[in-house]
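K.L.:
So that we are looking at the same thing, I have put the structure below in structure tokens.
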Amino acid sequence: MTPKELSADILVVGGGLGGVAAALGALRNGRSVILTEEFDWLGGQLTSQAVPPDEHSWVEQFGVTRTYRQLRDGIRQFYRDNYPLTAASRAWGDLNPGAGFVSRLCAEPRVGVAVINAMLMPYIGGGRLTLLQPYRPVAAEVAGDTVRSVTLRHRDTGAEMTATAPYVIDATELGDLLPMTGTEYVTGFESRSETGEPSAPETAQPDNVQAVSVCFAIDHVDGDHTIEKPANYDFWRQYQPSFWGGPLLGFKGPNPRTLEITERSFTPNPDDDPLLVDADQRRNPGDGNLWTFRRIAASRNFVPGAYVSDVCLVNWPMIDYMEGSIIDVSEEEKARHLAGAAALSYSVLYWLQTEAPRVDGGTGFPGLRLRGDVTGTDHGLAMAPYIRESRRIRAVTTIVEQDVSMAIHGNALSRQYRDSVGIGMYRIDLHPSTGGDNYVDVESAPFEIPLGALLPQRVKNLLPASKNIGTTHITNGCYRLHPVEWNIGEVAGLLAAHCLNNGLTPHQVQENDAQLETFQTRLHGEGIEIHWPDVRGY
């Protein structure tokens, strides 16, 4: 049977934050788009992966794109329009529904999905956006340096279709189109001899990547909600990385910034005032009490009785799965590792319910209840695994540790690029890895996103839009977060549209000063900051 064929001006494969932003950027500039996503929810790390946004300290003032701010404002407005907030919380300008310490906007994943869908809906109705869910790429046709088409397969039925477009944007979580299209890429740790990075190893370690995690949501209510003991619980119960300072299933572990062994607390429903939560990671990483760290619903934000408990999102150190990479392995091995990551998460929950130490001297919290309804699944965990690291293109420009490290730049801004197309800020935050490494955590200066990092060295019409840009293993640690991924994706979509509208190639835009200035001016009009603001008086 011949696969069904679809065509558009721009094909965006992957509906995470970068893919959604890419589609919106292209659509706003008059282009037709096919957007695909393999999971039931759009939004990637914000929604299907259930990770509250990791953002910098100035996010409420500047440092994100206009449309990313619209997404954040839309989430807050959705709560005001639809949730039974208290009067004080409704009036809270920077409403943080979960009052989590990791972010100023901790919210339930479904709300992010609703706002993203609303942002895309006019284009679906207008016939310029074709949304394909749940589809994933399985093959590509390439002619020389040009991608001609991508074959997509329905996740459940196996039905296939072929999509063609002058520009193809890879917004998948793992850079899936790179091997399919023969685009040169790198995985894992580069060597110090290649990058000159102080934190890099002497020799390259392509299979050494950050841990994946399968997050989940819980609340704490009356009754015994203990799940069935996981089959491999005993394996995980005795599992102890050499650098951990104790079993992985425990409240003790290394501090990511100092590597000192510390013990975190866990106090369900502390009845704290959400308006007093200061979610600023400059001052406090916020993980001292794991319950409030990534809380996504603070019961005191809502009228009495609306929430019988806070809702807590578990994305904690002990769910990081370090047993193997899911990049460039067989489908069987990938499935085995993802199943192992899910089993670890179930084991963490079972340990919390049955063995975790309590402040009253007892053990276990049987009142912890798995909230699959919050994450949109029957199995109770997040819909998709949290992916921290992807294949990365061999780019025109590769961003290295020296470009962003405060050890080199001090309190000044990081390296400035003539071809900057966005900005971001986050510490280099590498989680334990499949090679057995501890955290790598480096202070970063506010950084720029060079257009050259979005351009493959050879392939002409494929653009990355997620964690697959020209970073290294190390700098991926600060370029992988929510607002930066959105900025990257939005620029990819705008660049593809700009090239189609003006008869240019992406490389021509980047190489020619006049063409680059025209594109950067266009970005300014779209509300994309390409340099950090000068905050001195005038």
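The values are calculated or read from the model by the stated rules, or taken from the named source; none is laboratory data. What you see is a predicted model; the values in this text were computed from it and never measured. Cβ: placed from backbone, ideal geometry, glycine included. Neighbour counts: every protein chain shown. Just the protein is used for accessible areas: all its heavy atoms, side chains included, with ligands, DNA and RNA removed. Shrake-Rupley method; radii C 1.70, N 1.55, O 1.52, S 1.80 Å.
K.L.:
To the nearest 20 Debye, how big is the dipole of the chain about its Cα centre, given +1 on the beta carbon of each Lys and Arg and -1 on that of each Asp and Glu? Show your work: numbers first, answer last.
P.N.:
On the way: 45 positive and 66 negative charges, 190 e Å.
It comes to approximately 920 debye.
K.L.:
Per 0.36 nm of contour for each residue apart, how much would the distance between Glu141 and Asp234 grow if the chain were fully extended, relative to their Cα-Cα spacing?
P.N.:
Numbers: separation 93, 0.36 × 93 = 33.48 nm, distance 4.67 nm.
Here the answer is 28.8 nm.
K.L.:
May I pose another question? Enumerate the whole-percent occupancy of each 10 Å bin, from 0 to the last occupied one, for all C-alpha pair distances of the chain.
P.N.:
4, 19, 30, 28, 15, 4, 0, 0
K.L.:
For Lys334, list the aspartates and glutamates whose Cα falls under 15 Å from its own Cα; do not include residues on the same chain fewer than 8 positions away.
P.N.:
Within the straight-line cut-off, Lys334 pairs with Glu173, Asp176, Asp207, Glu323, Glu389.
K.L.:
Continuing with the same structure: Suppose we keep just the DSSP beta bridges with both residues in the range 1-150; what percent of those would be antiparallel, to 5?
P.N.:
Numbers: 4 of 12 bridges.
Close to 35 percent.
K.L.:
Could you please state how large a percent of the accessible area of the chain is carbon and sulfur, counting protein chains only and using a 1.4 Å probe?
P.N.:
On the way: 9700 of 19850 Å².
Carbon-and-sulfur percentage of accessible area, whole number: 49.
K.L.:
How much length would be gained if the chain were fully extended between Ala159 and Arg394, taking 0.36 nm per residue of separation minus their Cα-Cα distance, in nm to one decimal?
P.N.:
Here the segment from Ala159 to Arg394 would lengthen by 81.3 nm.
K.L.:
In whole Å, what is the distance between the alpha-carbon centres of the range 496-520 and the range 1-46?
P.N.:
One Cα centre to the other: 22 Å.
K.L.:
Measuring from label point to label point, each 7 Å out along Cα→Cβ, what is the Trp58 to Ala87 span in nm?
P.N.:
Those two pseudo-labels are separated by 3.7 nm.
K.L.:
Mind computing the radius of gyration and Dmax over the alpha-carbon atoms of the range 192-249? Å is fine for both.
P.N.:
18.8, 58
K.L.:
When only Cα pairs under 8 Å and 6 or more residues apart are kept, what is the percent relative contact order across the range 149-209?
P.N.:
20
K.L.:
Suppose R0 equals 41 Å. What FRET efficiency, 1/(1 + (r/R0)^6) with r the Cβ-Cβ distance, do Asn438 and Glu333 give to the nearest 0.05?
P.N.:
Working: r = 25 Å, r/R0 = 0.60.
With R0 = 41 Å, the Cβ-Cβ based efficiency is 0.95.
K.L.:
At a 10 angstrom cut-off on C-beta neighbours, averaged per residue, how do the peptides 33-46, 387-400 rank from highest to lowest?
P.N.:
Values: 33-46: 25.6, 387-400: 23.3.
Ranked by mean Cβ neighbours within 10 Å, highest first: 33-46, 387-400.
K.L.:
Return one quarter of the surface area of the convex hull spanned by the alpha-carbon atoms of the range 450-538, equal to its mean projected area, in nm². Don't skip to the answer; put the middle values down first.
P.N.:
On the way: hull surface 28.0 nm².
With the hull built on Cα positions only, its mean projection is 7.0 nm².
K.L.:
Same structure again: Identify, among Ile124, Leu370, Pro53, the residue whose Cα sits farthest towards the positive end of the charge dipole of the chain, taking +1 on the Cβ of Lys and Arg and -1 on the Cβ of Asp and Glu, with the dipole about the Cα centre.
P.N.:
Of the options given, the answer is Ile124.
K.L.:
Each label point is 7 Å from the Cα along the Cα-to-Cβ direction; what then is the distance between the points at Asp207 and Arg257, in nm?
P.N.:
Inter-label distance under the simple model: 3.5 nm.
K.L.:
Oh, and also: Going highest first, how would you order 369-376, 479-486, 452-459 by mean Cβ packing within 10 Å? Working shown, then result.
P.N.:
Details: 369-376: 19.8, 479-486: 26.8, 452-459: 22.4.
Those peptides, ordered most packed to least, come out 479-486, 452-459, 369-376.
K.L.:
Further question on the same structure: So what's the Cα pair-distance distribution over the range 329-464, bin width 5 Å, in %?
P.N.:
2, 8, 11, 13, 13, 13, 13, 11, 9, 5, 2, 1, 0
K.L.:
Please compute the per residue accessible area over the chain with all protein chains in place, 1.4 Å probe, rounded to a whole number of Å². Please report the intermediate quantities before stating the final value.
P.N.:
Numbers: 19850 Å² over 538 residues.
Ligands and nucleic acids excluded, the result is 37 Å² per residue.
K.L.:
Only bridges with both residues in the chain count here: give the DSSP antiparallel percent, nearest 5.
P.N.:
Values: 42 of 63 bridges.
Of those bridges, close to 65 percent are antiparallel.
K.L.:
Turning to a different aspect of this structure: Take the Cα pairs of the range 284-403, get the Kirkwood Rh, then feed it into Stokes-Einstein at 10 °C and 1.306 mPa s and tell me D in µm²/s.
P.N.:
91
K.L.:
Once you charge only the Cβ atoms, +1 for Lys and Arg and -1 for Asp and Glu, what is the size of the charge dipole of the range 148-284 about its Cα centre, to the nearest 20 debye? Could you put the intermediate results ahead of the total?
P.N.:
Working: 11 positive and 23 negative charges, 68 e Å.
Using Cβ point charges on Lys, Arg, Asp and Glu, the range 148-284 gives about 320 debye.
K.L.:
Over all directions, how big on average is the projection of the convex hull of the alpha-carbon atoms in the range 1-121, in square nanometres? Present the calculation step by step, with values, prior to reporting the outcome.
P.N.:
Numbers: hull surface 36.0 nm².
Hull-based average projected area comes out at 9.0 nm².
K.L.:
Let me ask you something else. What FRET efficiency comes out for Ser242 versus Asn501 if R0 is 56 angstrom and r is the Cβ-Cβ distance? Round to the nearest 0.05.
P.N.:
Numbers: r = 55 Å, r/R0 = 0.98.
Efficiency computed from Cβ-Cβ geometry: 0.55.
K.L.:
Tell me which DSSP H helices of the chain clear both cut-offs, 20 Å or more of axial length from alpha-carbon atoms and a mean Kyte-Doolittle hydropathy of at least -0.5.
P.N.:
Details: long enough: 66-82 (23 Å, -1.92); 109-125 (24 Å, 1.15); 331-354 (34 Å, -0.14); 482-502 (30 Å, 0.24).
In the chain, the long hydrophobic H runs are 109-125, 331-354, 482-502.
K.L.:
For the range 195-298, which GluC sites (Glu not before Pro) are both in a DSSP coil and crowded by at most 16 other Cβ atoms within 10 Å? Please report the intermediate quantities before stating the final value.
P.N.:
Values: sites: Glu202, Glu228, Glu260, Glu263; in loops: Glu202, Glu228, Glu260.
Here the GluC sites (Glu not before Pro) that fit, given the DSSP loop and packing criteria, are Glu202, Glu228, Glu260.
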